[in-house]
Amino acid sequence: MTLEAYADTIVPGEKRHPDDHAIAGVSEGPGSVEAGAIELLETEATGVTAGLDFLVPMLNAHAKAYAEEHELALDPSLPEFVALSYEDRVQLIVKLTKNGHPEKDGWVSLALFCNMAFDSAPHLSTAQAIADGHPGLLAMGITKPDADGLWRFPNYSYGRQLAELHPDTTPSGSPA
Amino acid sequence: MTSDKTEVLIVGSGFGGAIAAYHLAAGGAKVTVLERGPWLESKDFDHDFLLGSSYTRAFDFVVGDGMSVLGGNCVGGGSVVYFAAMPRAPRFVFERHGSIGRRMWPAEITRDTLDPWYDRVSESIPVSQQDWNDVTYSGGLWAAACHHSGRTANPTPVAIDNAKCTNCNWMMGGCQFDAKRSLLTNYLPAALAHGATIRPLHEVQKIERTDDGGYRVHYNVIDDVDYRVHTESGSIEAKIVILAAGAGATPVILQRSEESLGKMPHGVGRYFSGNGERLNTAILNEDKVREVLGLSREDGLAYEANQIGKGPTVACWDRLDENLPEYSRYSMEQLYFPPGLGTILAQVPGGDAPTWFGKEKKEILKRWRSWLTIFLMTEDDNEGVFGSPPPTGNAFRVSQQMLGRGALKYDPTPNTLSGWAKADAEVKEIMEKDGLAKIAPWTNDVVGAYTVHPLASCRIGDDAGTSALHPNHELRDHPGIFVTDGSAVPGALTVNPAMTIAALAERAVPGIVKAAQNRGIDVKYGAPSPDGATSGRRGVTKLALSLAGD
Ligand SMILES: Cc1cc2nc3c(=O)[nH]c(=O)nc-3n(C[C@H](O)[C@H](O)[C@H](O)COP(=O)(O)OP(=O)(O)OC[C@H]3O[C@@H](n4cnc5c(N)ncnc54)[C@H](O)[C@@H]3O)c2cc1C
């Protein structure tokens, strides 16, 4: 649940059901969690999987300290990070990923993969993911490939001169 | 532990490595190339973001402190993943002073003296000028925006066979259609035809001297799928060693070799330049593209074409003006960066912090098709320095492929920052004019500044204090070791560097041949272009003789 809340802060989505606590529900349409962030983080090839067991309690400890500092009362039935509001989750992640934070590398790679789950779905084959309606790739408007799984764009150019050339262009087409 | 012998050992198979490999093999030397990445062919170049597809197999992304470097990791090196924009560097670049306060290039190198070598590369790869029909929607849009604000814009010279190109925009993962003229289509097959050996998945760790004045090069063999795993190790002895592992890796190998080779010149692992790079993401107003620029596609859309194309096709060179002061000259080139690498660092233009993640960031991701990326190449201050080398390779590997943590530290000076700011401001002025778009630079807060054009970490120069290599690319105080990759380029080029790296490598070869002869290797200089063409060779014949010291 804690990781879902982290992923949802990077690319937020809408709640899956009314008492969905992990997803803050600040954005319409699916976000990183529905795009497969947890599946991606649990893919060994990322190199972050083994670290998750450490990152989760660390994140909750940071959330607890953040709540104390800001005098926030957290719902004791939830992991501390999940109990934070979306705005507070954002502020905490800003702090953890700032230059100079000793754990910056870990939190940045977590954010990188949460973002990638949405924008490129590297845990899935791209053509298949699009065919299956992957929410991130679809939201971005990535088009379907040809039948052989490859992309080709026969129309690609406005086909006319759109600016004057630099006067010092050499015959090789380079700057002088 | 296996041990072997060769005459010329080359580390890395990108521009620097492939060009040297071809000429030395064609001249008769026994050449072995060790390449840390896999050997991929056209059929392996996927249109797929799946981890383990060519997108992750062929890349190396190293996060440093203040600077991250993206490079190639496969036979063919950066040429397999590059966008194939191949302009020559403008004349003033060779006169630059940079951080040392006097001309930083060797006295004998100017644009005029390098032009014949550029010609050789141009014939060999080959490189051609684009026309407006080759220019993609994104390039056309950039040209039209430049024109609208009173500027010029040029189709860039490229190494692409346009007849084969499908404008799929997957060229960063390698070209399935062989339209991109990577080194896999010219220098490397020609080197193989002349008997060179290429060993993929061999990562060089260090070099030591042998009793007879040659060198022993130590390597690890890397697992084909999980690059974190080393399956064995070994060494090769050679009379000449050519380092061409790229500007993010060559200095690290030398640093690690210091214990066995002895002290390195001061310039090794210092003066790194990121080519002054900045990336800006414009989010276009489609209506304004139609109204203000008068553009529309065959299918009636105005633009919405971020996914379509072939990397950079148009650049504005108005600021490559030798009369402007240093640190205020730059080029502005349209570029495509795919999702994954290309969206996390994009910021919400004019948004409240945080601008690289969160609610509003998601909203701009939904407008991704209307993105236009502008790539700025400015004059930085060579401020990058490599810290202690990691145990192996040039980074601690994090992911199975691609992602690692390195020891490069880059703290931009006021000169660099002001160059970046000027370039950012100009591209904002162009793209936001009359409401065309909203634009913001990529953030440096997440993984530091970001370069695909690492340079100058072992640079050539006339004086020992500020360069690692003699003007002939031989490592100072270590005869028989040459560096021919991007690390040899003295500083930022204000344009894409591969053409200049390649021209310098061509220029270095006659001197290396001479050194090889002096070490008893039976080798000659004078091969034609990889496809047999000879006009480039004719152009450099006299120059080659003088560089070889005859
Ligand atoms: C996405 C992308 C797009 C680009 N587009 C352009 C463009 O359009 N125009 C342009 O001019 N430039 C472009 N570049 C930059 C260009 O690719 C590089 O400048 C160029 O490849 C550098 O050449 P090089 O010989 O220095 O090193 P590389 O081509 O990087 O070759 C170095 C080789 O050494 C190998 N290696 C590293 N360490 C070791 C080791 N320890 N042992 C053995 N092998 C090792 C690497 O795997 C690699 O194959 C682009 C780069 C990227 C990443």
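The values are calculated or read from the model by the stated rules, or taken from the named source; none is laboratory data. Not measured: the values here are computed from a predicted model. Cβ sites come from the backbone with ideal geometry, for glycine too, and all protein chains shown count toward neighbours. The accessibility values were calculated without ligands, DNA or RNA, using every heavy atom of the protein model including side chains. Shrake-Rupley method; radii C 1.70, N 1.55, O 1.52, S 1.80 Å.
A few comments on the model shown:
- Being modelled with pLDDT of 95 or more, away from chain A (no Cβ under 13 Å) and within 16 Å of the ligand (Cβ to nearest atom) is a description that does not apply to B:Pro441.
- Within the range B:223-251, the set of residues being within 23 Å of B:Gly213 (Cβ to Cβ) and within 14 Å of another protein chain (Cβ to nearest Cβ) is empty.
- Those residues of the range B:225-247 which are away from the ligand (no atom under 14 Å from the Cβ), of a type outside the set (S, T, N, Q) and open to solvent by 50 Å² or more (accessible area, probe 1.4 Å), in sequence order: B:Val225, B:Arg228, B:Val229, B:Glu232, B:Lys239
- Condition met for A:Thr43 (in contact (Cβ under 8 Å) with a residue 12 or more places away in the chain, at the interface with chain B (Cβ under 9 Å from one of its Cβ atoms) and open to solvent by less than 20 Å² (accessible area, probe 1.4 Å)): no
- A single member of A:Ala147, A:Ala117, A:Ala121, A:Ala163 is part of a loop (DSSP other than H, G, I, E, B) and more than 7 Å from chain B (Cβ to nearest Cβ), and it is A:Ala147.
- Residues that are within 14 Å of chain A (Cβ to nearest Cβ) and either closer than 27 Å to B:Trp420 by Cα or not in a loop (DSSP other than H, G, I, E, B) (or both), drawn from the range B:380-403: B:Phe396, B:Arg397, B:Met402, B:Leu403
- Near pairs, Cβ below 8 angstrom, 6+ apart or cross-chain, from the range B:152-179 (within 7 Å of chain A (Cβ to nearest Cβ) and under 22 Å from B:Gly342 (Cβ atoms)) to any residue that is of a type in the set (Lys, Arg) and not in a loop (DSSP other than H, G, I, E, B): B:Gln176/B:Lys43
- Among residues of the range A:17-40, those that are polar (S, T, N, Q) and either buried (at least 24 other Cβ atoms within 10 Å of the Cβ) or not in a loop (DSSP other than H, G, I, E, B) (or both), counted: 1
- The lone exception for B:Ser457 - which of (1) part of a loop (DSSP other than H, G, I, E, B); (2) within 16 Å of the ligand (Cβ to nearest atom); (3) farther than 28 Å from B:Glu259 by Cβ it fails: (3)
Yes/no matrix, rows are residues, columns are (1) within 30 Å of B:Ser53 (Cα to Cα); (2) not β-branched (Val, Ile, Thr):
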| position | (1), (2) |
| --- | --- |
| B:Ile222 | yes, no |
| B:Met264 | no, yes |
| B:Asp287 | no, yes |
| B:Ala302 | no, yes |
| B:Asn306 | yes, yes |
| B:Pro312 | yes, yes |
| B:Cys316 | no, yes |
| B:Ser328 | no, yes |
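- Elements of type strands (runs of 3 or more DSSP E) in the range B:252-370, at least 1 residues being at the interface with chain A (Cβ under 10 Å from one of its Cβ atoms) and surrounded by 18 or more Cβ atoms within 10 Å (Cβ to Cβ): B:314-316, B:331-335
- When we screen A:Leu110, A:Leu41, A:Leu78 for residues that are of a type in the set (A, V, I, L, M, F, W, C), more than 14 Å from A:Ala7 (Cα to Cα) and modelled with pLDDT of 95 or more, the only hit is A:Leu78.
- Unmet criterion (only one of (1) more than 19 Å from B:Ser370 (Cα to Cα); (2) within 16 Å of the ligand (Cβ to nearest atom); (3) free of Cβ contacts under 8 Å to residues at least 40 places away in the same chain) for B:Thr343: (1)
- Candidate set from the range A:41-58 (those that are assigned to a helix (DSSP H, G or I) and of a type in the set (Ser, Thr, Tyr)); member that is farthest from A:Pro122 (Cα to Cα): A:Thr49
- If you go through the range B:24-60 and pick out every residue that is among the acidic types (Asp, Glu) and in a helix (DSSP H, G or I), you end up with 1.
- When A:Asp168 is tested against the conditions (1) under 30 Å from B:Trp117 (Cα atoms); (2) more than 7 Å from every other protein chain (Cβ to nearest Cβ); (3) open to solvent by less than 40 Å² (accessible area, probe 1.4 Å); (4) in contact with a Pro (Cβ under 8 Å, 6 or more places away or on another chain), the lone failure is (3).
A quick yes/no check of all residues on (1) in a loop (DSSP other than H, G, I, E, B); (2) within 22 Å of B:Leu408 (Cα to Cα); (3) of a type in the set (Gly, Ala, Ser):
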{"site": "B:Asn472", "(1), (2), (3)": "yes, no, no"}
{"site": "B:Ala502", "(1), (2), (3)": "no, no, yes"}
{"site": "B:Gly520", "(1), (2), (3)": "yes, no, yes"}
{"site": "B:Ala544", "(1), (2), (3)": "no, no, yes"}
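- The residues of the range B:516-533 that are under 15 Å from B:Gly28 (Cβ atoms) and open to solvent by less than 30 Å² (accessible area, probe 1.4 Å), listed by number, are B:Ala516, B:Ile521, B:Val523, B:Gly526, B:Ala527.
- Long-range neighbours under 7 Å by Cβ, at least six apart or interchain, first residue closer than 14 Å to B:Ile222 by Cβ and away from the ligand (no atom under 15 Å from the Cβ) within the range B:13-41, second open to solvent by less than 10 Å² (accessible area, probe 1.4 Å) and assigned to a helix (DSSP H, G or I): none
- Residues that are more than 11 Å from chain A (Cβ to nearest Cβ), within 16 Å of the ligand (Cβ to nearest atom) and part of a loop (DSSP other than H, G, I, E, B) within the range B:78-125 comprise B:Tyr82, B:Phe83, B:Ala84, B:Ile125, listed in sequence order.
- Test result for A:Asp132, in contact with a Phe, Trp or Tyr (Cβ under 8 Å, 6 or more places away or on another chain) and either on the phi > 0 side of the Ramachandran plot or more than 7 Å from chain B (Cβ to nearest Cβ) (or both): no
- Among residues of the range B:427-436, those that are open to solvent by less than 10 Å² (accessible area, probe 1.4 Å) and more than 14 Å from chain A (Cβ to nearest Cβ), counted: 2
- Single residue of B:Val63, B:Val75 found to be touching a residue at least 24 places away in the same chain (Cβ under 8 Å) and not in a loop (DSSP other than H, G, I, E, B): B:Val63
- Those residues of the range B:59-77 which are away from every other protein chain (no Cβ under 13 Å) and surrounded by fewer than 24 Cβ atoms within 10 Å (Cβ to Cβ), in sequence order: B:Leu70
- The residues of the range B:1-31 that are open to solvent by 10 Å² or more (accessible area, probe 1.4 Å) and either touching a Cys at 6+ places or on another chain (Cβ under 6 Å) or of a type in the set (Val, Ile, Thr) (or both), listed by number, are B:Thr2, B:Thr6.
To keep it simple, each residue is scored yes or no on (1) within 13 Å of chain B (Cβ to nearest Cβ); (2) surrounded by 20 or more Cβ atoms within 10 Å (Cβ to Cβ); (3) farther than 22 Å from B:Gly448 by Cβ.
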{"residue": "A:Gly47", "(1), (2), (3)": "yes, yes, no"}
{"residue": "A:Val56", "(1), (2), (3)": "no, no, yes"}
{"residue": "A:Ala63", "(1), (2), (3)": "no, yes, yes"}
{"residue": "A:His70", "(1), (2), (3)": "no, no, yes"}
{"residue": "A:Gly100", "(1), (2), (3)": "yes, no, no"}
